[in-house]
Amino acid sequence: MLVYTVTKPVGTKDREFQAYIRLLEDVGIDVSNSPRVPEPGTDRRWLYAWQKKIEAERFADELRHRTGDADWMVYQFEDVSEERGPVAPLDIARVPDKDGYTYYLTPASRERVATAFPGTRLPASLNFPMSVEQDFLREKGDDGWMEIARLLTGRTDDDIDSLGGVRVIVGEGKVAFQRIPTAA
């Protein structure tokens, strides 16, 4: 069976992948449970798999238009068995507040957790005074980011991975941390 995906010749960078996921969501694709293939050449992440080349070409055209980047291309996979699962991580946003920072799951991510794990109680947000956050992340490293993810999702690391992993977005789309299960 032939399937098609849209990618860049040497794989996507984080900012490019964010644009890719935004467009998938904008055109109504469920990024939490989609047909997917490993990113060609890198296997760093999953990409959406189209069964019709014309649909992949339309998506690539729109991505080129929105990003101003002509390098997006349609990649063909042959004899691939269809796999389904998430193609995008859960998003946690960090915003400054009066005394420090507030973290929250984005609405789409909250919905994905609630759908996958009905009955999970999700806090609205977590607040950290600036000095506490800095000490916490310095002391814990990447596990500090994952602890924030565990608190906001009410889920284990394996559960978070099953939903596509997690990324923490600070400021204007800057990714401070991400953990995305590899596609391999």
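The values are calculated or read from the model by the stated rules, or taken from the named source; none is laboratory data. What you see is a predicted model, and the numbers here were worked out from it, not measured in a lab. Neighbour counts run over all protein chains shown; Cβ positions are idealised from the backbone, glycine included.
Below, the figures for the structure above:
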| read-out | value |
| --- | --- |
| Residues of segment 25-54 satisfying the condition of being touching a residue at least 60 places away in the same chain (Cβ under 8 Å) and surrounded by fewer than 20 Cβ atoms within 10 Å (Cβ to Cβ) | 25, 32, 38, 43, 44 |
| Selection from segment 29-48 of residues that are modelled with pLDDT of 90 or more and part of a loop (DSSP other than H, G, I, E, B) | 29 |
| In segment 126-159, residue farthest from residue 179 (Cα to Cα) [restricted to those that are loosely packed, with under 14 Cβ neighbours inside 10 Å and of a type in the set (S, T, N, Q)] | 131 |
| Condition check for residue 181: in contact with a strand residue (DSSP E or B) (Cβ under 9 Å, 6 or more places away or on another chain) and modelled with pLDDT of 90 or more | no |
| The listed residue being farther than 28 Å from residue 177 by Cβ, out of contact with any Cys (no Cβ under 7 Å at 6 or more places or on another chain), of a type in the set (D, E, K, R) and surrounded by fewer than 13 Cβ atoms within 10 Å (Cβ to Cβ), out of 62, 57, 78 | 78 |
| Subset of segment 172-184 that is loosely packed, with under 15 Cβ neighbours inside 10 Å and touching a residue at least 24 places away in the same chain (Cβ under 8 Å) - its residue that is farthest from the chain's Cα centre (by Cα) | 184 |
| Which numbered condition residue 76 misses (of (1) within 21 Å of residue 35 (Cα to Cα); (2) in the same structural domain as residue 36 (by TED's automatic domain parsing); (3) free of Cβ contacts under 8 Å to residues at least 12 places away in the same chain) | (3) |
